[in-house]
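The structure appears below as structure tokens.
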Amino acid sequence: MRNKKYIHVNDKRAVQSLFMALCLLLLPAMVHAQITVVDDNTTDDEIEVVDEMGNEEEIEFPEAMTYELDSLMNQYMTKTYLTADNDCRMKDENPTFGREVYIDRLQRMPTIMEMPYNEVVQSCIDRYTGRLRRTVSYMLGASNFYMPFFEEALETYQMPLELKYLPIIESALNPTATSRAGAGGLWQFMITTGKMYGLEVNSLIDERRNPVKASYAAARYLRDLYKIFGDWNLVIAAYNCGPENINKAIRRAGGEKDYWKIYPYLPRETRGYVPAFIAANYVMNYYCEHNICPMSSQLPAKTDTVMVDRNVAFAQIAEVCGFDMQMLRALNPEYRRDIVPGATKPSPIRLPMNDVPRFIDMQDSVYAFDAGMQKRLEVAVEEPVVTKASRRGGARGSKYHTVRRGDTLGSIAKRNKTTVAKLKRLNGIRGNNIRAGQKVRVR
């Protein structure tokens, strides 16, 4: 049985009356409830909360905080452009600090959004700076690939730029991440929400995986959530569990519109979601203080897009042009089956800029190459073979006519509202000759 953290949450009014002076002096950014961690083991995926009535509840870490580092390190972009920083001389040790230090650091971050401190936040910080410190090293390096997209999209819609760290807790900056619930991409859109914000998802395309398109869709979604709630912590929570669940929690809390007051009424993962977001902002700003070395990153080769108006498989491009298949997948993550459906509508293929001329020169050869993935455009329907056994046994629902003197195929077809051609096909008759007493299947 795995160890769990136990947290005791005292009544808000009691905390205010007992610690008001301390809050005024030292804790201006803290939430209104005091929380105490009893078991500081950070190897589990949940925090267990015990209130004063003895009720136990579990808070889940966001799913991306449970990812194995190997899955992130095996990505093409990681293997190609990220390396361990061998010049980093910091000890691989995670120093401990007093709570006042964390409170001060959170307050000093240049953010619009509230970044309060409590022991749930501390627990998430401990996880990032402890068990997940190598994952943080990866994310610091990979942020050079993706943060410019996030910042540009958020700035376009005048959103707080600290929201760029939302994909840290959503996907750990893995563009092909898929959650247990089916959310996908860096921003972890569900299919329905993604389509509402213009992201195409079908058997061949999943634009939730496109870093640029998904970032703009996320910025619009966050903007719309802020129009509903007017509070950034509620916006973050709604991004995780949906606005309908936030509205339910608000009603259960008597109309309160403060994340920390509706906190007990939220789903388990959402109770850990905002603390994890605050912790992500903290660790991406104060990683040096915890001796975390970012992975060294090289800027990826400049890329450009080529539009195609025919279906083309990555296998065709790789074989004819000599391109790396993993490179094609990394630069075009939205094509979920390695097929660009250009026949449906003109579609882009992203390639390193230096490789674009080669593809254009060899485009006809690429289309002509048979990669064994072509779908048939037309197929013939074989006529059924009528055997003696099938004539004797018949089929369920079949109807037969016994030929009388003077009957012709035409007259039989007319009486049974069918055609001569169908009678011939059902009975294996090649000519027009039939004889009296013969049984003819009419359906």
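The values are calculated or read from the model by the stated rules, or taken from the named source; none is laboratory data. Since the model is a prediction, treat every value here as computed from it, not as a measurement. In this analysis, Cβ positions are derived from the backbone assuming ideal geometry, glycine residues included, and neighbour counts consider all displayed protein chains. The accessibility values were calculated without ligands, DNA or RNA, using every heavy atom of the protein model including side chains. Shrake-Rupley method; radii C 1.70, N 1.55, O 1.52, S 1.80 Å.
Screening segment 83-107 for residues that are charged (D, E, K, R) and over 24 Å from Gly272 (Cβ atoms) and picking the one that is most open to solvent (accessible area, probe 1.4 Å) gives Arg89. On the stretch given as segment 358-382, residues that are buried (at least 16 other Cβ atoms within 10 Å of the Cβ) and small (Gly, Ala, Ser) total 1. The helices (runs of 4 or more DSSP H) found entirely in segment 151-238 that carry 1 or more residues being within 25 Å of Thr111 (Cα to Cα), open to solvent by 50 Å² or more (accessible area, probe 1.4 Å) and not hydrophobic (A, V, I, L, M, F, W, C) are 211-229. Thr135 falls short of the stated requirement of being closer than 30 Å to Asp338 by Cβ and outside any helix (DSSP H, G or I). No other residue among Pro357, Pro300, Pro348 is touching a helix residue (DSSP H, G or I) at 6+ places or on another chain (Cβ under 7 Å) and either in a loop (DSSP other than H, G, I, E, B) or farther than 16 Å from Lys79 by Cα (or both) apart from Pro300. Go through segment 360-400 residue by residue and tally those that are outside any loop (DSSP other than H, G, I, E, B), in contact with a helix residue (DSSP H, G or I) (Cβ under 6 Å, 6 or more places away or on another chain) and either at pLDDT below 90 or of a type in the set (Gly, Ala, Ser) (or both). Counting residues in segment 360-400 that are outside any loop (DSSP other than H, G, I, E, B), in contact with a helix residue (DSSP H, G or I) (Cβ under 6 Å, 6 or more places away or on another chain) and either at pLDDT below 90 or of a type in the set (Gly, Ala, Ser) (or both) gives 1. When you check Pro275 against the structure, is it assigned to a helix (DSSP H, G or I), out of contact with any Phe, Trp or Tyr (no Cβ under 6 Å at 6 or more places or on another chain), closer than 27 Å to Tyr138 by Cβ and touching a residue at least 60 places away in the same chain (Cβ under 8 Å), yes or no? For Pro275, the condition - assigned to a helix (DSSP H, G or I), out of contact with any Phe, Trp or Tyr (no Cβ under 6 Å at 6 or more places or on another chain), closer than 27 Å to Tyr138 by Cβ and touching a residue at least 60 places away in the same chain (Cβ under 8 Å) - is met. Does any residue of segment 112-124 turn out to be open to solvent by 20 Å² or more (accessible area, probe 1.4 Å) and without any contact (Cβ under 8 Å) to a residue 24 or more places away in the chain? No, there is no match, as no residue in segment 112-124 is open to solvent by 20 Å² or more (accessible area, probe 1.4 Å) and without any contact (Cβ under 8 Å) to a residue 24 or more places away in the chain. Screening Ala343 on (1) in contact with a Cys (Cβ under 9 Å, 6 or more places away or on another chain); (2) at pLDDT below 95 shows it passes everything except condition (1). Only residues that are surrounded by 12 or more Cβ atoms within 10 Å (Cβ to Cβ) and without any contact (Cβ under 8 Å) to a residue 24 or more places away in the chain were counted across segment 420-431, and they come to 5. The condition of being farther than 30 Å from Met325 by Cα, part of a helix (DSSP H, G or I) and open to solvent by less than 50 Å² (accessible area, probe 1.4 Å) does not hold for Pro264. Glu256 passes every criterion in (1) closer than 26 Å to Met115 by Cβ; (2) outside any helix (DSSP H, G or I); (3) open to solvent by less than 20 Å² (accessible area, probe 1.4 Å) apart from (3). Taken over segment 312-334, the residue count meeting the criterion of being open to solvent by 10 Å² or more (accessible area, probe 1.4 Å), in contact with a Leu (Cβ under 9 Å, 6 or more places away or on another chain) and not in a loop (DSSP other than H, G, I, E, B) is 3.
Scanning segment 395-419 for residues that are within 26 Å of Val381 (Cα to Cα), open to solvent by 50 Å² or more (accessible area, probe 1.4 Å) and in contact (Cβ under 8 Å) with a residue 12 or more places away in the chain returns Gly397, Lys399, Tyr400. Just checking, which of Asp355, Asp338 is on the phi > 0 side of the Ramachandran plot, surrounded by 14 or more Cβ atoms within 10 Å (Cβ to Cβ), under 56 Å from the mean Cα position of the chain (by Cα) and at pLDDT 90 or above? Criteria check complete, one pass: Asp338.
Scanning segment 267-300 for residues that are open to solvent by less than 10 Å² (accessible area, probe 1.4 Å) and under 17 Å from Glu60 (Cβ atoms) yields Thr270, Gly272, Tyr273, Val274, Pro275, Ala276, Phe277, Ile278, Ala279, Ala280.
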